[in-house]
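The values are calculated or read from the model by the stated rules, or taken from the named source; none is laboratory data. Computed from a predicted model, the values in this text were never measured in an experiment. Cβ: placed from backbone, ideal geometry, glycine included. Neighbour counts: every protein chain shown. Heavy atoms of the whole protein, side chains included, go into the accessibility calculation; ligands, DNA and RNA do not. Shrake-Rupley method; radii C 1.70, N 1.55, O 1.52, S 1.80 Å.
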Amino acid sequence: MSDATLPAGRAVKLKLDRDGAIKRAFMAVIALYLIVALALPLYAMLSKSFVTYSFDLARYEFQVSDEAGNFGPPQTAAAINAELGVFDADDLRSSSDGRLAATAFFPDFSFRSPVKYRIRGTGPDAPYLVGLDLQNTTEWKEFDGNTFRRINLRPVKSVGVQNYSEYFSNPALFSSIQNSVFIAVISTVLTVVAAFGFAYSLNRSLMRFKGFFKLVAMMPILVPSLLPGIALIYLFGNQGMLKSLMMGHSIYGPIGIVIGSVFFTFPHALIIISTALSIADQRQYEAAESLRASRWRTFWTVTIPGARYGLISAAFVTFTLVITDFGLPKVIGGQYNVLAIDIYKQVIGQQNFEMGAVVSVVLLIPAVLAFIVDRQVQKKQVSLLSARSVPFQPKPNKTFEALCLMWCGVMAVFILGLILVCQFAALVQFWPYDLSLSLKNYDFNRTDGGGWDAYTNSIQLALMTAVFGTLIVFTGAYMVEKIDGFKTGRGMFQFLAMLPMAVPGMVLGLAYIFFFNDPANPLNAIYGTMTILVVSTVTHFYTVGHLTALTALKQIDAEFEPVASSLRQPFYRLFARVTVPVCLPAILDISIYLFVNAMTTVSAVVFLYSTHTTLASVAVLNMDDAGDIAPAAAMGMMIFYTNAGARLLHMLASRRILRRTQSWRGR
Amino acid sequence: MPNNADAYLEIKDLWKAFGVFLALKDINLVIGKGEFVCFLGPSGCGKTTLLRAVAGLDPQTRGQIHQGGQDISNLPTSKRDYGIVFQSYALFPNLTVARNIAFGLENTGRPKQEIKTRVADLLALVGLPEQAEKYPAQLSGGQQQRIALARAIAIDPGLLLLDEPLSALDAKVRVHLRHEIKELQRKLGVTTIMVTHDQEEALSMADRIVVMNHGTVEQVGTPTEIYRQPATLFVADFIGETNKVATTYSGGRVTLGSVSLSTEMKGVAEGASVTVAVRPEDVVPHLSTEAGEGAANLLPAQLVDMEFLGSFWRCRLQSDILGGQELIANFSINAVRRLDLKPGLDMAVELPAERVLVFAEGA
Ligand SMILES: Nc1ncnc2c1ncn2[C@@H]1O[C@H](COP(=O)(O)OP(=O)(O)OP(=O)(O)O)[C@@H](O)[C@H]1O
Ligand SMILES: [Mg+2]
């Protein structure tokens, strides 16, 4: 029967039942969410980066009268400009809301003179403003001097790569790429080495105080990335206590950024490398020992190759975190420009949204590359994990343990030190001159930046992000994992869910401006509200939650759904009664992850907050910007304590759930 | 084949393709009401695929399935009428045994008390009345299996599907549960399909066995039919043990070296290349060709060695007529004692004509 061929005809397709329809509807809704909250804004940004606005002087014609009211011959603005040389090509480049006063073409203009002016478009698209009134016509319009001075030409839009060529020919902007890469590479090397030593000590030695070190190592996750910057300023800044240690170098610039980056990326690298080291196979080490390989050789031939995927992955994650970080260079970067700062400056400082979009696209490239490499590596790591191996058992070795203790001790002092400096600075009258304790820096309502409202707003944002985010993320992951058929739809959804990881916060924030601030967008109403902050934060941190949920869901028996449907029970009953309870630990993990990140994030929301939705993390930034460093440190520590409290609650809740579920998790 | 009048499940011209790979090729099958049918075949032959098509979990590519007179070919799972037990049992870990069994009963408008009684009845039926409040993880594999069964039959399904329900259990529990499941099925009278690759399981439990190979049905029949009259060489080889020799067929006889054997097999083309198959237990021992006078189909052979397997002796024999090929025979303890068989003995074996199976090449 090997020659059997499938008879012609159409493949049997099952009728869609209610369950299937509901599942698809759910997935469609969440996919729609991701499209609106991610794909469309990114698209808006991308297309914006190809748009240029410039004044096209050939499109306008003027006529001027003498004092008696007799008009001379019409002349195009271009011709006048060629004659007078008022504007060069650079001056004519503009942004979407640029304006060019018509009077500039008439050096003798005086609004008191009886001279009259006429203006018209030479073609169909020649916009100009009379006051606020937009005109676009080839009809002559006549104005007296007093009105004419209120006439402004408007730029016209064209599409092309002009922004990019401008960007790459601007040495100041272009040098930011070098700076960003330089900072990211140095920080990555330092962080990975530091984290490797730390992870190695935790996993491969009998060092004491492991619990304490683990706790300290995770602390940087609880604070905004700009907090170490503030601490460094206190220590090594212009009035720093330890400024002399800098030996004439300035902490404002690459040195400060690198040290701060090591601080805030350290826990991320540590988690990845620690996971890689924890799956070591005892047998390999026994084999190496039986071959009388030296410790040093064993390290290079067994340990490093075994952990290589973890190391590569940690390096790429760190690189991405550093190159896309905005808070730290903002606080301590001084005159040292990096890409993330350029976006901020172009958008907030110069209102040049198109150029901001170009820098965003440039920043997107390394982030996307790092993301792709990381995904490939992660896949390999998973297959390593599933291999059956005997866990590694470290042997006592006094010298080695002392060495480990030293390494971890140094890192702990570094991390705790920076946090304590912040706390101390926040609690003293006036660093470093009056070190008596005071709570005045906590009186946020007396400084600019949003006051205590900013703090409560942040809590609100974090809670909403945790609740709605977990709901969306987990439901989405469930639909991807447990829906049958509908392959293309699931593939697309999976892609959308992975995408946020590759998109830096700054880029997302800017993309939101383009998309949601467009008056033509019906969703425009959420611009400037808490909703847009929640949406952007959920989207920004979507991927990690999605992956956590998928991992948990994959561990559930795939046969539950068929069983439930053979028992004629709707899937949502199974979902509520079984899936959610079984996945509760993962669900809690997702929500605490979203909460903590919503408390600390700066990059996306810095473009999106409004006066009544200021946030604690943004307040830290703004207070620091305004020179109120002590209140900034105080606010930063408020974030730290809030997150630490949330983590504690999370731990207690997880414990309780674990205890309750122990009975059914088996003997 | 059961009488078509009481046909319950009909599978017609069914094909399943995974990409270009054909996992099922033109399956036709009728299962009667109340029948216990086993899908049996080597790993990868498509048993699970066929079961999943019946359940609507992984629909067939072509063909139709009728259940109880209704065309269910493109009905979604939830609209079909069956209970299912998987190899993993798929018990909900966070629900007690009672809640697991009640899962399909709740949410149907039945009063609470009725559900409670029904769950208690079911627990008694599967012999675990004391375990209602335990969680699945606190039960043994065999107990979990019975709970999964109770949950599947709780809703009185018209069809019970079992995918290798016993393969995760150890041998002893497995033999015990075989019996229990069969008993239960008989009591309930529910039409049942069980997938297995364990022939002993199939032979001992099934009313009829569907032997599958490479996505096709090789033979459908009762255990005795399958065993005594295998339709193809594959079936003869797969079910039980068999001695095989390649030769040709002519005039109702096959020739092995200088000996010509008669056979009762019909429908083999004259002069065709064939394979002769004889089961070890069908080989009859004689002291010599002369001693077996009256008997046809006698071969001289030497007893190479013997192995005592409790209820019989397993013997390896060699015969010049078969060339280098060995003949395996199972001799009864009686026969061995009576004939005083010992390794190294020159003797004769009889291959009874009605037990000599002949399969044309490619069949
Ligand atoms: N989803 C799938 N995609 C592609 N091929 C599949 C898929 N499911 C099954 N197959 C293939 O179809 C064939 C039959 O698979 P099936 O699971 O039905 O075998 P089986 O008879 O149940 O085997 P076993 O005894 O090992 O369970 C196998 O070759 C298998 O590789
Ligand atoms: Mg199978």
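Quick notes
- Taking every residue in A:14-22 and counting other chain Cβ atoms within 10 Å of its Cβ, the average works out to 4.
- Trypsin sites (Lys or Arg not before Pro) restricted to segment A:177-230 and DSSP loop, no more than 15 other C-beta within 10 Å: A:Arg208
- For segment A:46-195, the solvent-accessible area with a 1.4 angstrom probe is 51 square angstrom per residue.
- Extension gain, A:Leu523 to A:Leu245, is 94.8 nm, computed as 0.36 nm per intervening residue step minus the present C-alpha separation.
- For segment B:243-360: accessible area per residue (Å², 1.4 Å): 48
- Accessible-area loss of 40 Å² or more (1.4 Å probe, protein heavy atoms, chain alone versus all protein chains) is found in segment A:558-574 for A:Glu559, A:Phe560, A:Pro562, A:Val563, A:Ser565, A:Ser566, A:Leu567, A:Arg568, A:Gln569, A:Arg573.
- Taking packing as the residue-averaged number of other Cβ atoms within 10 angstrom, the listed peptides A:521-528, B:210-217, A:577-584, A:394-401 run from highest to lowest as B:210-217, A:577-584, A:521-528, A:394-401.
- Separation of the A:Phe143 and B:Ser250 label points, Cα + 7 Å toward Cβ, nm: 11.6
- Selection from A:Leu418, B:Val349, A:Ile312, by position along the positive dipole direction of the protein assembly as shown (Cβ): A:Leu418
- For peptides A:566-572, A:598-604, sequence by mean Cβ density within 10 Å, most packed first: A:598-604, A:566-572
- Within segment A:411-490, chymotrypsin sites (Phe, Trp or Tyr not before Pro) in DSSP loop having at most 13 other beta-carbon neighbours inside 10 Å: A:Tyr433
- Along chain B, longest interval not containing exposed GluC sites (Glu not before Pro), exposed being DSSP loop plus at most 10 other Cβ atoms within 10 Å: B:134-269
- Between helix B:141-153 and chain B: long-axis angle, C-alpha atoms, 0 to 90°, nearest 10: 60
- Taking the Cα centre of the protein assembly as shown as origin and assigning +1 to Lys and Arg Cβ atoms and -1 to Asp and Glu Cβ atoms, the resulting dipole is close to 2380 debye.
- Test item: B:61-70 mean partner chain Cβ contacts at 10 Å: 2
- Cα gyration tensor shape of segment A:52-159, rounded if a/c is under 1.5, else prolate or oblate by comparing a/b with b/c: prolate
- Near A:Phe106, no amide H atom lies under 5 Å from its own; only residues 5 or more places off or on other chains count, and H is placed 1.01 Å from N.
- Take each residue of peptide B:19-27, count the partner chain Cβ atoms within 10 Å of its Cβ, and average: the result is 2.
- Here the peptides A:607-616, B:20-29 are ranked by packing, the mean other Cβ count within 10 Å, and the order with the highest first is A:607-616, B:20-29.
- Counting 0.36 nm for each residue step from A:Val410 to A:Ala21 and taking away their Cα separation leaves a gain of 134.3 nm.
- Computed magnitude of the charge dipole of segment A:165-438 (debye, nearest 20; Cβ of K, R +1, Cβ of D, E -1): 1140
- Nearest 10 degrees, 0 to 90: helix A:487-502 Cα axis against chain A principal axis: 80
- The DSSP beta bridges internal to chain B are antiparallel in roughly 75% of cases.
- A:Asp66 paired with A:Ala82, simple spin-label distance in nm, labels 7 Å along Cα-to-beta-carbon: 2.6
- Label-to-label distance for B:Ile328 and A:Ser110 is 12.2 nm, based on points extended 7 Å past Cα in the beta-carbon direction.
- Overall form of segment A:394-465 per C-alpha gyration tensor (a/c, 1.5; a/b vs b/c): oblate
- Each Lys and Arg adds +1 at its Cβ and each Asp and Glu adds -1 at its Cβ; summed about the Cα centre, segment B:139-295 shows a dipole of about 420 debye.
- With all protein chains in place and a 1.4 Å probe, the accessible surface of the protein assembly as shown carries 58 percent carbon and sulfur.
- Interface A:B - total buried accessible surface [probe 1.4 Å, Å², rounded to 100]: 3700
- Crossing angle, helix A:254-278 versus chain A [Cα axis fit, 0-90 degrees, rounded to tens]: 40
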